[in-house]
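Below is one structure, written out as structure tokens; the observations come after it.
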Ligand code: GTP
Ligand code: SPV
Ligand code: MN
């Protein structure tokens, strides 16, 4: 097969000349093609067959132990001006970046097959969808891209019609981290990735295209490309509200998007539109409409079980590719949070518990969205779904309450810009460190954050029906490091409050950081949680928030020349609110001083 599109053909020829593959395979996306690739991967050891009785058509892939997550320090945005990429990105000039990686691509596919994967991000008939072509020497990437995107002949036809697509070049290379680079050229609509076969580094349709390149295009064209889930929330009366939520990597998007309502909330239903990426456009009525550019899920495995998320658990019992999980004696996949006993760890060694977790903390499943029991009937709708509320949230042991609503759009954008979260195993580096992760886009925004926040603010006048903006935190802990909130299905209780607020049904308590629920307005039927826990979850500690506001101010300063004044003004308003809450603040200071005095040992008399 080949193509009628001259620029695509020319690019493929050029890449083949440079990388020297032994053959070129144009992917059609057919079942036969997929079966042949799986057979090849089984023969080469790239995939291991799992127990066919318990997990039909499921496979395990073990990645190289040094290649288990995204690598933010090796990810670059290569724009002509450094300022365009902003302090939030690693930058390299396009000339230098091309020179550097082209040298690595020289002969990189010798003795290998080069796969050409035409794909479409978004429903194939959607005006909001965008196409790309990934060239790769990894059959594992092909079988994953087939689950994650609309891949093959229909996408190629659309590319030939539109004559516009993102060019993504990928080679697994030699997996040496010193020769690993994930390069983005937004001005050329192209990506070059070498030296990793893992997830977000290698499945170029996902983070590289649908977020980094797409966010750049979205700014030029007046839309938004976001690291958000999209879910429908249907009330017992039958009304459905759609919500988009931005949480950083491994902070709960997949789980919230597939939520199973608690038994004590009969009649409520949750529908998944997307669980990682969301493209937002202004619709005809001035509303924000969302599509999910993806067709499958590359989800976190550990913690997934029948209790935490029955939908996800059921979904991955068949036709699923697992990456870096452990095995039981009868070759079932295993991970922390499941019953049963692992015998082989994620690296293929006999499992001994003194060696730490059996499954890698960032082990993942790849599965078609069609297998999701809560898959929305509107998930494939070309026009997307209208968004009633946007949620920002992170993993915060302290400070951020369970839920608060922002004052207005501008304040909502500030809250998104000031988001912070504890780092997770989704990227290499230290885990559990609080860092700023604006809109959950720190690793994914393809341009300067100051300009990005300005773009967000512009929707204040672009869209006539703006969603309300909320902040949530499922991860508050008590002094013994136990989660105060049960999370998972019980999060529906918080979503219900959000929907009621969107419908104008409830009053709320005004605080300097926004609106917090009155405890009596939360639907807590059938939930056993103490009043003290609830109070702790909803508390706005003025001292902690003064520190937080100061930290956000310092963070905004890093974008000195581009940060919108409106965000500084909004932050100042929050600061003044905290200050004028004087009585409370004075009392908090007094309590803190007393506590400090009591805790300080008196060694010098
Ligand atoms: P990416 O795919 O990396 O973007 O992550 P994600 O945001 O989709 O995160 P995911 O839903 O996969 O959750 C990551 C981890 O957080 C899993 O181990 C979950 O079990 C855990 N988790 C999710 N929701 C909750 C919750 O409400 N409470 C608690 N305590 N843990 C949760
Ligand atoms: C994330 O890290 O946010 C993911 C997984 O969703 S990856 O595709 O590896 O980026
Ligand atoms: Mn993600």
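The values are calculated or read from the model by the stated rules, or taken from the named source; none is laboratory data. As the structure is a computational prediction, the values presented were derived from the model and not from experiment. Every residue, glycine as well, gets a Cβ built from its backbone with ideal geometry; the counts of neighbours run over all protein chains shown.
For region 285-301, check the following and say yes or no: at least one residue is within 22 Å of residue 402 (Cα to Cα), within 13 Å of ligand 1 (Cβ to nearest atom) and under 15 Å from the mean Cα position of the chain (by Cα).
no
Every residue, every condition in (1) in the same structural domain as residue 109 (by TED's automatic domain parsing); (2) within 20 Å of the chain's Cα centre (by Cα); (3) part of a strand (DSSP E or B); (4) within 14 Å of ligand 2 (Cβ to nearest atom), yes or no:
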| site | (1), (2), (3), (4) |
| --- | --- |
| 133 | yes, no, yes, no |
| 140 | yes, no, no, yes |
| 143 | yes, no, no, no |
| 146 | yes, yes, no, no |
| 169 | yes, no, yes, no |
| 183 | yes, yes, yes, no |
| 196 | yes, yes, no, yes |
| 201 | yes, yes, no, yes |
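Could you check region 1-96 for strands (runs of 3 or more DSSP E) lying wholly inside it with 1 or more residues that are under 15 Å from residue 139 (Cβ atoms)?
23-26, 59-61
crowded, with 20+ Cβ neighbours inside 10 Å, under 16 Å from residue 441 (Cβ atoms) and within 16 Å of ligand 3 (Cβ to nearest atom): is that true of residue 295 in this structure?
no
Among the residues of region 257-275, count how many are within 16 Å of ligand 3 (Cβ to nearest atom) and in contact with a helix residue (DSSP H, G or I) (Cβ under 6 Å, 6 or more places away or on another chain).
Of all residues in region 257-275, those within 16 Å of ligand 3 (Cβ to nearest atom) come to 257-258, 272-275.
Then drop every residue that is not in contact with a helix residue (DSSP H, G or I) (Cβ under 6 Å, 6 or more places away or on another chain), which leaves 258, 272, 275.
Of the residues in that region, 3 qualify.
For the condition within 11 Å of ligand 1 (Cβ to nearest atom) and either within 23 Å of residue 278 (Cβ to Cβ) or crowded, with 24+ Cβ neighbours inside 10 Å (or both), what is the one hit in 365, 322?
Being within 11 Å of ligand 1 (Cβ to nearest atom) and either within 23 Å of residue 278 (Cβ to Cβ) or crowded, with 24+ Cβ neighbours inside 10 Å (or both) holds for just one of 365, 322, which is 365.
Can we say residue 479 is at pLDDT below 95, assigned by TED's automatic domain parsing to the domain that holds residue 412 and surrounded by fewer than 15 Cβ atoms within 10 Å (Cβ to Cβ)?
Spelling it out, residue 479 is indeed at pLDDT below 95, assigned by TED's automatic domain parsing to the domain that holds residue 412 and surrounded by fewer than 15 Cβ atoms within 10 Å (Cβ to Cβ).
Please state which one of 338, 327 is touching a strand residue (DSSP E or B) at 6+ places or on another chain (Cβ under 6 Å), away from ligand 2 (no atom under 16 Å from the Cβ) and not assigned by TED's automatic domain parsing to the domain that holds residue 425.
That would be 327, the only listed residue that is touching a strand residue (DSSP E or B) at 6+ places or on another chain (Cβ under 6 Å), away from ligand 2 (no atom under 16 Å from the Cβ) and not assigned by TED's automatic domain parsing to the domain that holds residue 425.
Being more than 25 Å from residue 205 (Cβ to Cβ), without any contact (Cβ under 8 Å) to a residue 60 or more places away in the chain and in contact with a strand residue (DSSP E or B) (Cβ under 8 Å, 6 or more places away or on another chain) is the requirement here; does residue 82 meet it?
In short, yes.
Residues of region 493-505 being in contact with a helix residue (DSSP H, G or I) (Cβ under 9 Å, 6 or more places away or on another chain) and surrounded by fewer than 19 Cβ atoms within 10 Å (Cβ to Cβ), which ones?
500, 505
Filter region 407-431 down to the residues that are assigned to a loop (DSSP other than H, G, I, E, B) and more than 16 Å from ligand 2 (Cβ to nearest atom) and list them by number. Quick ask: steps written out before the conclusion?
Just the residues of region 407-431 that are assigned to a loop (DSSP other than H, G, I, E, B), to begin with: 407-408, 418-419, 423-426, 428-431.
Across region 407-431, the qualifying residues are 407, 408, 418.
Check every one of the helices (runs of 4 or more DSSP H) wholly within region 433-544 and list those with 3 or more residues that are in contact (Cβ under 8 Å) with a residue 60 or more places away in the chain and touching a strand residue (DSSP E or B) at 6+ places or on another chain (Cβ under 8 Å).
449-462, 492-502
Can you pull out the residues in region 436-459 that are out of contact with any helix residue (DSSP H, G or I) (no Cβ under 6 Å at 6 or more places or on another chain) and within 15 Å of ligand 2 (Cβ to nearest atom)?
437, 440, 441, 442
Hey, among 286, 252, which residue is at pLDDT 95 or above and away from ligand 2 (no atom under 14 Å from the Cβ)?
286
Criterion first (modelled with pLDDT under 95 and either farther than 17 Å from residue 395 by Cβ or in the same structural domain as residue 256 (by TED's automatic domain parsing) (or both)) does residue 435 satisfy it?
Taking the combined requirement at face value, the residue does not satisfy it.
Please state which of the following conditions residue 256 fails to meet, knowing it meets all the rest: (1) farther than 25 Å from residue 72 by Cα; (2) within 16 Å of ligand 1 (Cβ to nearest atom); (3) out of contact with any strand residue (DSSP E or B) (no Cβ under 8 Å at 6 or more places or on another chain).
(3)
Could you tell me whether any residue of region 369-377 is within 16 Å of ligand 2 (Cβ to nearest atom), surrounded by fewer than 23 Cβ atoms within 10 Å (Cβ to Cβ), within 19 Å of the chain's Cα centre (by Cα) and outside any loop (DSSP other than H, G, I, E, B)?
Yes.
Given the criterion within 16 Å of ligand 2 (Cβ to nearest atom) and out of contact with any strand residue (DSSP E or B) (no Cβ under 9 Å at 6 or more places or on another chain), identify the matching residue among 266, 302.
302
If I ask for residues that are surrounded by fewer than 16 Cβ atoms within 10 Å (Cβ to Cβ) and within 24 Å of residue 194 (Cβ to Cβ), which ones from region 148-176 would you list?
Answer for region 148-176, where residues must be surrounded by fewer than 16 Cβ atoms within 10 Å (Cβ to Cβ) and within 24 Å of residue 194 (Cβ to Cβ): 174, 176.
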